[in-house]
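One structure is given below, encoded as structure tokens.
Throughout, read-outs are computed from the coordinates displayed, never taken from laboratory work. For clarity, every value in this text was computed on a predicted model and none was experimentally measured. Counting neighbours? That spans all protein chains shown, and the Cβs are built from the backbone with ideal geometry, glycine included.
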Amino acid sequence: MPGGFAAHYRDMRAEPQAASYRPDTPILDLAPWLGDSVEAARFPETRLRFRNDRQAGSVGVDKLSDQDWVNHFGRFTPLPENLPQPLALRYHGHQFRVYNPEIGDGRGFLFAQLRDAHGRLLDLGTKGSGRTPWSRDGDGRLTLKGAVREILATEMLEALGVYTSKTFSVVETGEKLQRGDEPSPTRSAVMTRLSHGHIRIGTFQRLLALDERAHMDALVQYCLEQFPGSPPPGDAPQADEPAVRLMHQVVERLADLAASWMVAGFVHGVLNTDNMNISGESFDYGPWRFLPRWDPSFTAAYFDHGGLYAFGRQPEAVHWNCGQLAVALRLLSDAAPLIGALERFAPLYMASVGRRWCWRLGVESRDAQADGALVGACETMMMQSGEAPDAFFFRHRGGRNAEGPLGEALSDYEPIESDHPYWSHEKPQTMLIDEVEAIWSAIDEHDDWQPLHDKVAAIRRMGEAHGPPPTPVGH
């Protein structure tokens, strides 16, 4: 792709550009061993609740009528010249560090593939679309509350500069679901995501477990072609090997992803290897939370009793997952160059944290040492004061109200000029659990969707004020 990964990364974070409908289905070359053809569930009703026309325009389907939209994204009639039948992908994964070979797309599938205005391949995938061969004891369904939470998570993360999947569509399906972790029976929905791919670290782990070398080679080639990236550093050993090139690219992307979560004050909650997309996209939002205060031990999942995926342990978890990709790619490459790529994670992560921190604080990044000192000063202040990260970044935007150690740390930084009215608001946008529950309660008790629509609009205005995040370090 012209411009390399830097241009690719910049474009995929920018405001979506209008595009014509361009179906393209390269996944079909891998389909016989990558997934299983499935059918969507037949729902008693299909009520359109959310359509993301901002993203729909990027793949040329924003002109669909609501009836046609529901036909495609509620009943899953194939899009023209696209996948003839949905594909439930196969993968393995470490779940809380325990290897599980009995997983795959258990309540979702790949529905379509399209090109955007920049020629990038995008996937439309589902959640809550029915049972598949990988459902095990699950019902293949999604609660409406879970869909609403994913809308809020993806919109907030995008506004805070995180490379995330987009909530494309939510259709309420009229079923009553029983769940052990929320009041039941509860309403049901089917959701469609837009993302730049659905290939997980667990996809590679499955091929290693089955010793499918030829398929592993084909998957590596697919990823290099569809998710273009920068070449490895000039001194990297065996850099011309496809598996080594891919390993370097994934380490770069996931180091930046981990950094973006930390700067956003976001806790994903379930960082299993089957939840790690090699495109570097954040996706699959279950028990997520945003920090009410700066607390490295804060956990999002009630079942994460040991705090394995606590806020402060997320970089370690992502690094560990990258290590599992290196293990899988040993099917194609020597260990040394893969380990060499993995060893880049820590410095890439630290540099990304510094640059992203400056971006959110509204000052120009300087150098790794100065940026690191600034991050440390800010963390100390938040730990001591208990101030929420959202409030802290907002109050000190561009260096304002900076005194004491923070003032000293910011003394040589230049503010990023911005006249966006958001910065003159009384307080910042947040996404804490009480507001999430209030938005859901309005829907659940009164079928009032206005608070959700208002929140999405407010978050998008915040995203406009922040502007696009910095390009990852090394590109």
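Those residues that are buried (at least 24 other Cβ atoms within 10 Å of the Cβ) and either closer than 30 Å to L254 by Cα or without any contact (Cβ under 8 Å) to a residue 12 or more places away in the chain (or both), I need them from the stretch 169-184; list them, please.
Residues satisfying the conditions are S169, V170.
Which residues, counting only those in the stretch 306-357, are free of Cβ contacts under 8 Å to residues at least 40 places away in the same chain and surrounded by 21 or more Cβ atoms within 10 Å (Cβ to Cβ)?
G354
When you scan the stretch 362-372, how many residues do you find that are buried (at least 18 other Cβ atoms within 10 Å of the Cβ) and either without any contact (Cβ under 8 Å) to a residue 40 or more places away in the chain or out of contact with any Phe, Trp or Tyr (no Cβ under 9 Å at 6 or more places or on another chain) (or both)?
Keep residues of the stretch 362-372 that are buried (at least 18 other Cβ atoms within 10 Å of the Cβ), which gives 362-363, 365, 371.
Those left that are additionally either without any contact (Cβ under 8 Å) to a residue 40 or more places away in the chain or out of contact with any Phe, Trp or Tyr (no Cβ under 9 Å at 6 or more places or on another chain) (or both): 371.
Number of matching residues: 1.
Looking at S165, S188 in this structure, which one is surrounded by 24 or more Cβ atoms within 10 Å (Cβ to Cβ), within 24 Å of V251 (Cβ to Cβ) and out of contact with any His (no Cβ under 6 Å at 6 or more places or on another chain)? Spell out how you get there, then give the answer.
On the way: S188 fails: within 24 Å of V251 (Cβ to Cβ).
Residue meeting the stated conditions: S165.
To keep it simple, each residue is scored yes or no on (1) hydroxyl-bearing (S, T, Y); (2) over 17 Å from W294 (Cβ atoms); (3) in contact with a Ser or Thr (Cβ under 8 Å, 6 or more places away or on another chain).
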| position | (1), (2), (3) |
| --- | --- |
| V363 | no, yes, no |
| C378 | no, no, no |
| M381 | no, no, no |
| S385 | yes, no, no |
| E403 | no, yes, no |
| D412 | no, yes, no |
| D419 | no, yes, no |
| H425 | no, yes, no |
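Picking from G265, G280, G269, G286, which residue would you name as being buried (at least 20 other Cβ atoms within 10 Å of the Cβ) and within 20 Å of E182 (Cα to Cα)? Steps first, answer last, please.
Numbers: G265 fails: within 20 Å of E182 (Cα to Cα); G280 fails: within 20 Å of E182 (Cα to Cα); G286 fails: buried (at least 20 other Cβ atoms within 10 Å of the Cβ).
Within the list G265, G280, G269, G286, the selection yields G269.
Looking only at the stretch 430-459, count every residue that is surrounded by 15 or more Cβ atoms within 10 Å (Cβ to Cβ) and not aliphatic (A, V, I, L, M) and tell me the total.
Count: 6.
Look at the stretch 395-452 and say how many of its residues are of a type in the set (G, A, S) and under 27 Å from R47 (Cβ atoms). Write out each step before concluding.
Taking the stretch 395-452 first, the residues of a type in the set (G, A, S) are 398-399, 402, 404, 407, 409, 411, 418, 424, 438, 441-442.
In the following step, the residues that additionally are under 27 Å from R47 (Cβ atoms) were identified as 438, 441-442.
Final tally of qualifying residues: 3.
Going by the structure shown, is R253 among the charged types (D, E, K, R) and within 18 Å of F227 (Cβ to Cβ)? Please lay out each step first, then the result.
Details: among the charged types (D, E, K, R): yes; within 18 Å of F227 (Cβ to Cβ): yes.
Here the answer is yes, as R253 does meet what is asked.
So for the stretch 248-256 (the condition being farther than 30 Å from L361 by Cβ and not β-branched (V, I, T)), does at least one residue qualify?
Here is the first cut: in the stretch 248-256, the residues farther than 30 Å from L361 by Cβ are none.
No, there is no match, as no residue in the stretch 248-256 is farther than 30 Å from L361 by Cβ and not β-branched (V, I, T).
Given the residues F303, F298, which is the only one that is within 24 Å of A388 (Cα to Cα) and of a type outside the set (G, A, S)? Explain how you work it out, then say what you get.
Working: F303 fails: within 24 Å of A388 (Cα to Cα).
The conditions single out F298.
If I ask for residues that are among the small types (G, A, S) and farther than 28 Å from K166 by Cβ, which ones from the stretch 283-311 would you list?
Matches in the stretch 283-311: S297, G306, G307.
Does any residue of the stretch 388-400 turn out to be more than 16 Å from T430 (Cβ to Cβ) and without any contact (Cβ under 8 Å) to a residue 24 or more places away in the chain?
Yes: one or more hits.
Given the criterion touching a strand residue (DSSP E or B) at 6+ places or on another chain (Cβ under 6 Å) and farther than 25 Å from T430 by Cβ, identify the matching residue among E150, E172. Reasoning before the result, please.
Numbers: E150 fails: farther than 25 Å from T430 by Cβ.
Within the list E150, E172, the selection yields E172.
Looking at D53, D139, can you tell me which residue is under 24 Å from the mean Cα position of the chain (by Cα) and not aliphatic (A, V, I, L, M)?
On the way: D139 fails: under 24 Å from the mean Cα position of the chain (by Cα).
On inspection, the qualifying residue turns out to be D53.
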